[in-house]
Amino acid sequence: MADKDAHYEAPWTENLRHRPDPNRVQPLVDGGHAAISAPPWQSSPQSPPGVSLEPRRAHASPQSETGSESEPSYYDVSPLKRPVWKWQIANYFYFGGMSAGAYLIARAADRAGRGRHRAVARTGVWVALAALAPCPPLLIDDLGDPKRFHHMLRVFKPASPMNLGTWMLTGYGGALAAAAARELLRDFGLAPEEAPPPAGEAAKTWLDAHDLAGIPLATTVAGYTGVLLSCTANPLWCKNRWLGPLFSASAVSTGAEAISLALDLSRREEREEQDASQRVLQKIDSAAHVAEAVCITGFRREAGEKGKSLEQGPVSKVHRFATGALIASEVLKRLPVKGKWRKPVRMLAAASGLAAGFALRWAMVYGGKQAADDPHTARLVSRPQRGELAGDEARSSLRVSAASGATEQR
């Protein structure tokens, strides 16, 4: 039996122990970390199994690296909680964006292709439906209770990105189901491509009304997840205007790559028709990749020091993989290969682009967790920007002038 006088402590009690200056991040020591001195009893050889009594290592701020005064903090604990989102939300962001991008490309091919890219329109609808299928289960699993998803539909709050996104996803699911039903009727010959009037005119009117609702819904689903992240207080995402366009561009690129891969695997159309469709998809994919690269550059520039979780730590490897996979996809598409190697290289390029899109979402979600854990990065969110400081000073001076004028009138 262990000695009753032995002093045992849980690991989390280290945060409650008194420090001479608890409101400062400890300066760097022994190669990059701040060690907190432990009380004499912590050196006791007796400790419960599985419990480490080593002093906690605190995160240090960049100010400490230069030897300047340590930064305000509270026991090296971040004032923000890390996001509770897990792999379910990262996968939902990926599959939802892919579905919306594939749907938009399918409708564009059907409306503007004039029958030349019928395979792209048909395959895009089925790819969009397959990508959307796991989204509701992923959301419900993350919420923990199916009724919570239903309860969000009891109210309509356009100012809430989460509530608005739920409504847009529900409406988009209905529009996509109608498109899939139309493609199914076409496959069975029950809905011919060109119907005689007046049936043809009525069908065209219904199709116009369907696209008038479905295309805006798909566009919203493609980018609202980025807007949702930017509306949070997380340092990596907070008020970053590039997140919505970044997710939208990535949705279009992954949608084009998924359609390209599905066309190569299906082999339903002739080789010449397939090559023409693939060339169009590659142009769309390349344009989306350029937009994605521009948005990533803008995001990193606007994030500044708040985006260091994408440069340091385990998440930085995922972010670098996303960038490398995107570049590899473009390089593979431009390799001068012919004959039997053209199709495998094209499929490899599409797979590389899909991997880049998945890694981008994963890095954004888990990079937010790492950013919220850093007390220095978390404090950057509460600091006013230069424009905000100037605006505050101007408003203060106006209030003082107004008050002085009112006093003189009295």
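Before moving on, here are some points about what is shown:
- Quotient of Cα Rg and 2.2 N^0.38 Å for the range 246-359, N being how many residues it contains: 1.17
- The listed residues Ser352, Ser99 rank as Ser352, Ser99 when sorted by accessible area, largest first, using a 1.4 Å probe.
- The packing ranking, built from the mean of other Cβ atoms within 10 Å per residue, places the peptides 367-374, 289-296 in the order 367-374, 289-296, highest first.
- Taking all Cα-Cα distances within the range 73-179, those exceeding 18 Å account for 59%.
- When the Cα positions of Leu243, Leu261, Ala288 are compared along the charge dipole of the range 229-308, Leu243 comes out farthest toward the positive end, with charges on each C-beta of Lys, Arg, Asp and Glu.
- Surface calculation, 1.4 Å probe, protein heavy atoms: Trp87 sits at approximately 120 Å² accessible.
- Net +/- balance of residues flanking Ile215 in space, Cβ distance below 10 Å, scoring K and R +1, D and E -1: +1
- In summary, the lysines within cross-link reach of Lys308, defined as a Cα separation below 24 angstrom excluding same-chain residues under 8 places away, comprise Lys81, Lys86, Lys239, Lys317, Lys369.
- With all protein chains in place and ligands, DNA and RNA left out, the 1.4 Å accessible area ranks Arg241, Arg300, Arg107, Arg320 as Arg241, Arg320, Arg300, Arg107, largest first.
- Accessible surface of Met98 - all protein chains present, 1.4 Å probe, nearest 10 Å²: 20 Å²
- Residues of the range 315-334 with amide N under 20 Å of a point placed 7 Å along Cα→Cβ from Trp87: 315-322
The values are calculated or read from the model by the stated rules, or taken from the named source; none is laboratory data. Please read these numbers as outputs of a predicted model, since none were measured by experiment. Methodologically, a virtual Cβ is constructed for each residue, glycine included, from the backbone with ideal geometry; neighbour enumeration extends over all protein chains shown. Each accessible area value is taken on the protein alone, full model and side chains, heavy atoms only, with ligands, DNA and RNA left out. Shrake-Rupley method; radii C 1.70, N 1.55, O 1.52, S 1.80 Å.
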